[in-house]
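The values are calculated or read from the model by the stated rules, or taken from the named source; none is laboratory data. Source: prediction; values computed, not measured. Counting neighbours? That spans all protein chains shown, and the Cβs are built from the backbone with ideal geometry, glycine included. Accessible surface areas use protein heavy atoms only, side chains included; no ligands, DNA or RNA. Shrake-Rupley method; radii C 1.70, N 1.55, O 1.52, S 1.80 Å.
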Amino acid sequence: MASKNSDQYNTDIEHLIDKDYSKRKKAADEIRSGKFTFTYDPSKLIDEFLKNGRNAKGKIFLPLKSDYHYIIADNLLMSTEMLKEHKRLTHKYPEAKELFESVKIVMKSFWPTGNAIKDYKFYRSFLNFDIVELAKKVSIELPVTHDAVKEFIGHDKVDIDIAIPRMMHEYSRFFELSEPVINLVRIGLELKRGNTSPDRQYESWQNIRILKSDPDCGPLFGCLDEQIRHADIRISRRADKVARKIYLADARSGKKQTVETYTFDECSNMLDLMLNKFSPVIFSSVLLFSVTTLILLLVSHEYKQLLLALGR
């Protein structure tokens, strides 16, 4: 029995070794061609596996070992696409590079120990949403929104009574989609500042206040505006077509009072920043960080040792 276990252990070691990355390349080719597809969610299975650590038992975890190179290849393919998106955005919007770099620095605060397993588990403990699914949703929504607003963004002759409500509605939609990511970046910023146990969930206005107050990256969150975000629900609008200004008023206290005034151009610029720069940058940055964190786990010695213990 000992000899059989020893033979299996050596076979498993040989399976995981990929010095020339030929196994990884073959896996990537099979994923791209459709020859291989996952019948389970690797990241969720990994999370469950890590909860048990060396005590993990059961055949349910065996695909993490047998499909090891496919899991790495799949995440590397995803990271490659994210890097392409980074390059496209920074080429089109050079100022986006500053936001990319700031978010990257903030997110690295989720790697406090240098141990791949501990850092992965620490990060995942704060990640209370499916970043991949959310990014897919955004990628679907963006073309629809661009099509809806392209008729009036940047045009001089538009009916403000029609354009402003539509612009604010689209702004609000993307604000809502961005909320969980904004909350996560806020947590990273607090970790960076030295708070080792930040609250896992804040109200939107609290997240924005903290992010905007940061001397380094605060200005990068300038397009986040709570008043415009709530203009569809609890804030009333009044447009002055002559002055090309929009007045937002809050009447919840029983007395209507103006809470903010914008020019039409300011509203247009705010929406443009949200749709074309902030949302794509913040989502792709956090998604790339998530994928990188997983890849660092997969290639780590500690994780491979856990895999070798599977089925023994």
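Structure summary
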{"read-out": "Some residue of region 260-268 being surrounded by 17 or more Cβ atoms within 10 Å (Cβ to Cβ) and closer than 27 Å to Thr90 by Cβ", "value": "yes"}
{"read-out": "Filter pass, Phe38 being closer than 23 Å to Leu297 by Cα and buried (at least 18 other Cβ atoms within 10 Å of the Cβ)", "value": "no"}
{"read-out": "Test: residue in region 212-233 that is open to solvent by less than 10 Å² (accessible area, probe 1.4 Å), part of a helix (DSSP H, G or I) and either within 27 Å of Ser79 (Cβ to Cβ) or at pLDDT 90 or above (or both)", "value": "yes"}
{"read-out": "Options Tyr9, Tyr70; residue that is among the aromatic types (Phe, Trp, Tyr), modelled with pLDDT of 90 or more and assigned to a helix (DSSP H, G or I)", "value": "Tyr70"}
{"read-out": "Matching residues, region 13-45, being in contact with a Lys or Arg (Cβ under 9 Å, 6 or more places away or on another chain) and closer than 29 Å to Ser125 by Cβ", "value": "Leu16, Ser43"}
{"read-out": "Top-ranked residue of region 93-107 - restricted to ones that are without any contact (Cβ under 8 Å) to a residue 40 or more places away in the chain and in a helix (DSSP H, G or I), ranked as nearest to Thr292 (Cα to Cα)", "value": "Glu101"}
